[in-house]
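The values are calculated or read from the model by the stated rules, or taken from the named source; none is laboratory data. Because the structure is predicted, anything quoted here is derived from the model rather than measured. Reconstructed Cβ throughout: ideal geometry from the backbone, glycine too, with neighbour counts over all protein chains shown.
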């Protein structure tokens, strides 16, 4: 193969190694809601403390933002009030104090098949009337919205600390509930982050000069540099353009290997010029990993392998 052709192949392979995937594919970067505005949540609220468990019939009111980004504690809405009746057990009355901002926490599912998102009502403050009088509590309360139904809001078992009241008031309490949300909330998952990855220590592995009939091996690491996208290996998992001179440890790349955001996989790659290979010859090959992301798009990130005979 001529030197000019080898350099042309190297240039093409370098482009493949450094490029990200097509911009049409993406990962979750935010959410849009319809309709934005005021919602009510109806259900039974439970409050557990050292006095036991109390329940109250509850109707919460909240406003939901029209959209928000998939970043930590981005404002998704505001809990604006609540009405509590028919309290039973260790609490005779229950009341919210002020409002609480809902901050985005996490998302479950994929852009094409969303399941739920979790938020945190920040600095939620309430007063529970007990045998010791009014006891006030404050903390961050987690809540999960079922996107599939669009009508179910679940308060997780979050512990809130006492911030006011008699000394005999329980030092903390735990809220939990499942509410029916009205109207139905429809969520559209925004999908605009381009997929990215990185090869280390570099996208080009230079084996140097290697005698014909002998083998030298290096390790290259592929890292998923996205924030939310998951990559999974698909057949043939890995490949080299020049299997005569180059190879890789296929055991490191099993089918359905999951590479989470920030995760990586290391693969041994080898250069073995065959016996009788021409002297002073540069050999070049692409090495690719075959992947599918959680949106169904397929990619083959490639690195460059090169070596020379003496």
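Details
- Inside segment 60-76, residues that are over 21 Å from the mean Cα position of the chain (by Cα) and crowded, with 17+ Cβ neighbours inside 10 Å make up a count of 4.
- Within segment 160-195, restricting attention to residues that are within 30 Å of residue 304 (Cα to Cα) and in contact with a strand residue (DSSP E or B) (Cβ under 8 Å, 6 or more places away or on another chain), the residue that is surrounded by the fewest Cβ atoms within 10 Å (Cβ to Cβ) is 192.
- Residue list for segment 260-283, restricted to those being touching a helix residue (DSSP H, G or I) at 6+ places or on another chain (Cβ under 8 Å) and either surrounded by 13 or more Cβ atoms within 10 Å (Cβ to Cβ) or free of Cβ contacts under 8 Å to residues at least 12 places away in the same chain (or both): 265, 267, 268, 282
- Those residues of segment 242-256 which are part of a loop (DSSP other than H, G, I, E, B) and buried (at least 17 other Cβ atoms within 10 Å of the Cβ), in sequence order: 245, 253
- Taken over segment 67-113, the criterion of being outside any strand (DSSP E or B) and under 24 Å from residue 229 (Cα atoms) is satisfied by 70, 71, 72, 73, 74, 111, 112.
- The conditions of being more than 30 Å from residue 301 (Cβ to Cβ), at pLDDT below 95, outside the structural domain of residue 302 (by TED's automatic domain parsing) and assigned to a strand (DSSP E or B) are not met by residue 123.
- Of the candidates 115, 88, the single residue that is surrounded by fewer than 16 Cβ atoms within 10 Å (Cβ to Cβ) and over 15 Å from the mean Cα position of the chain (by Cα) is 88.
- Hey, residue 209 in the same structural domain as residue 303 (by TED's automatic domain parsing) and either surrounded by fewer than 18 Cβ atoms within 10 Å (Cβ to Cβ) or in contact with a helix residue (DSSP H, G or I) (Cβ under 8 Å, 6 or more places away or on another chain) (or both) or not: yes
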